[in-house]
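Visitor: Here's a structure for you.
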Amino acid sequence: MPATRTPKWRAFGAAVLLLALGPQMIPTSQAFTTPNVIISGGGPAGLLASILLNNLGIQSTIFEEARDPDEWSSKSYAMSLNDRGKAALDAGGCLESIIGAGNEKLCNYFVDGSTGDVQTIPRREPTPGIGMSRPMLVDCIENIAKTLPHVTLRRGVGVASVTEDEDGELSVHLDDGTVVHASHVIGADGKWSKVRQSFEELKSQAKLVSCTGFGVLMCGDSAPEGWKMDGSYVIFPPKEEESIPQDFYIIGSPLMNGGMALAMVCSDGVTKKYPWLKPEADPSPKDVGKGGWKDETSLELVDSTTHDLATNLDTMLQDTVPAFHAAIDKSFYKTARIQRRATWLQMTPKDGSVVSYSTEKGNVALVGDAAHAMTASMGEGGNCAMESAVKLAGAVGSIMKEKGETTCTVDTLNAGFIQYGISRPKDVQPIQEMSAARNNK
């Protein structure tokens with residue numbers, strides 16, 4: 001558990017208590033003779049990081065703003081776990097549970113939205129993918145993390161900021177006004193990471209870059225009749241001219257519960273014909289992150305005297321993809337949410353240095369979207385996020401082995417964070433750039 005603040009005027013009394021109760025009662029930097037890690041964010045990357053640190057004997061506490069694994073929201077999209085993601089989950093001992101909860105993805109299906117004709121496209125990867133909703137993925141990893149001796153999960157309270165005093169002590173300020181302390185902090189708190197924003201050396205590297213495109217998310221309790229669970233469906237409207245790119249397409253992901261998640265991927269050009277689809281403008285720089293992941297959602301209902309978003313989408317799909325429109329229930333449209341334009345996190349080195357996902361001292365590190373948020377066009381965001389958790393723990397474990405340590409020290413954890421911070425960007429930044437390029441086509 002993280003240490004709580006001891007007022008300065010009680011320093012003498014605390015010193016006496018230290019003799020009887022142990023060093024964990026005094027939250028100064030000197031008290032952390034062994035690592036005590038706070039993880040901001042209980043998504044897949046944060047949870048997996050806690051499991052992997054536990055396996056190294058390192059105590060961590062996760063703070064997650066959401067009270068429960070998400071039901072349908074702008075975070076509750078369907079995910080496809082590829083070889084990268086499966087290897088990461090396997091490293092944490094989670095893969096068997098994930099396979100049992102998800103469904104194998106053997107191929108993709110291309111659907112002519114006008115006629116309903118389906119073309120089967122085999123997967124390029126040698127092994128099947130795994131399809132599941134993000135909430136289910138979180139739930140599976142969380143159920144394993146909660147059983148471990150060195151993992152504590154606190155839901156319903158998030159990290160607002162992190163400060164560091166002149167002695168190097170990290171104070172983690174929570175949304176409820178509580179201040180807790182740790183030797184190290186991992187920011188797994190998404191694209192608008194409060195941990196990243198708390199440290200100038202991390203914040204100064206980061207820039208959110210917008211792409212020319214956006215999405216509309218929908219979900220429903222049933223998939224079209226005859227659609228299989230072993231693949232994702234990509235529904236295309238007919239092209240007006242062969243040389244003109246389509247303004248939108250829809251990705252349908254059947255889920256294990258019999259339902260289906262839909263993601264309508266739109267270019268900016270679609271708003272010329274359907275102006276009611278135009279996403280809300282990006283937040284101003286001073287406002288980015290105030291809403292956390294909620295900043296991703298633009299709007300749910302259109303301000304109109306006669307039509308709302310559900311009615312507009314119903315009419316649009318009936319006109320453009322009639323066969324698909326006839327195959328889905330109207331309840332899908334009532335769940336529709338327009339997302340803001342796709343953005344990704346570009347990290348650029350400052351002052352001739354190299355990009356790093358850790359602080360120079362090695363007491364803070366970023367994983368997942370907090371370090372390398374990317375667009376959804378390649379489906380690599382979640383897979384890379386979990387892989388980063390593995391790389392972080394792997395760097396720590398490697399240094400422990402080199403030193404012959406059976407118990408990780410604070411200095412070793414510092415060195416592991418630094419090694420991960422410098423080495424990870426060169427692996428993941430090319431994937432970010434390729435993903436963004438697809439969005440801008």
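The values are calculated or read from the model by the stated rules, or taken from the named source; none is laboratory data. What you see is a predicted model, and the numbers here were worked out from it, not measured in a lab. Counting neighbours? That spans all protein chains shown, and the Cβs are built from the backbone with ideal geometry, glycine included. When the accessible area is computed, the model is the full protein with side chains, heavy atoms only, and any ligands, DNA or RNA have been set aside. Shrake-Rupley method; radii C 1.70, N 1.55, O 1.52, S 1.80 Å.
Visitor: Where only protein heavy atoms count, and the probe is 1.4 Å, what is the accessible area per residue for the range 328-378 in Å²?
Guide: Per residue, the range 328-378 has 39 Å² of solvent-accessible surface.
Visitor: If ligands, DNA and RNA are left out, what is the accessible area of Thr115 with a 1.4 Å probe, given in Å² to the nearest 10?
Guide: That residue has around 80 Å² of solvent-accessible surface.
Visitor: Moving to a separate point now. Hey, with R₀ at 45 Å, roughly what FRET efficiency would Ser353 and Thr315 work out to, going by the Cβ-Cβ distance, to 0.05?
Guide: Given R0 = 45 Å and the Cβ-Cβ separation, E is 0.25.
Visitor: Give me the net charge of Ser222's neighbourhood, meaning all other residues with Cβ under 13 Å from the Cβ of Ser222; Lys, Arg count +1, Asp, Glu -1.
Guide: Local charge sum for Ser222: -2.
Visitor: Let me ask you something else. Measure up Lys105/Lys239; Lys105/Lys391; Lys278/Lys330; Lys334/Lys426; Lys207/Lys401 against 32 Å on the Cα-Cα distance and list the ones that go over.
Guide: Correct reply: Lys334/Lys426; Lys207/Lys401.
Visitor: Heavy atoms only, probe 1.4 Å: what % of the accessible area of the range 131-183 goes to carbon and sulfur, would you let me know?
Guide: Summing carbon and sulfur atoms, their accessible area is 46 percent of the total for the range 131-183.
Visitor: Please identify the GluC sites (Glu not before Pro) of the range 150-219 that satisfy two criteria: DSSP loop assignment and at most 11 other Cβ atoms within 10 Å. Which are they?
Guide: Answer in residue order: Glu166.
Visitor: Can you classify the range 348-421 as rounded, prolate or oblate using the Cα gyration tensor, where a ≥ b ≥ c are the square roots of its eigenvalues, rounded means a/c under 1.5, and otherwise it's prolate if a/b beats b/c and oblate if not?
Guide: oblate
Visitor: Which whole-number percent of Cα pairs in the range 69-215 have a distance greater than 22 Å?
Guide: 61 percent
Visitor: Continuing with this model, one more query. When you count, for each residue, the other Cβ atoms within 10 Å and take the mean per peptide, how do 250-259, 361-370 rank with the highest first?
Guide: Top of the packing list down: 361-370, 250-259.
Visitor: Right, next: Packing-wise, with mean Cβ within 10 Å as the measure, how do 179-187, 122-130 rank, highest first?
Guide: Going by the mean number of other Cβ atoms within 10 Å, highest first, we get 179-187, 122-130.
Visitor: Lys/Arg Cβ at +1, Asp/Glu Cβ at -1, dipole of the range 184-281 taken about the Cα centre: which of Gly215, Tyr233, Gln246 is farthest positive-ward?
Guide: Ranked along the dipole, the leading option is Gly215.
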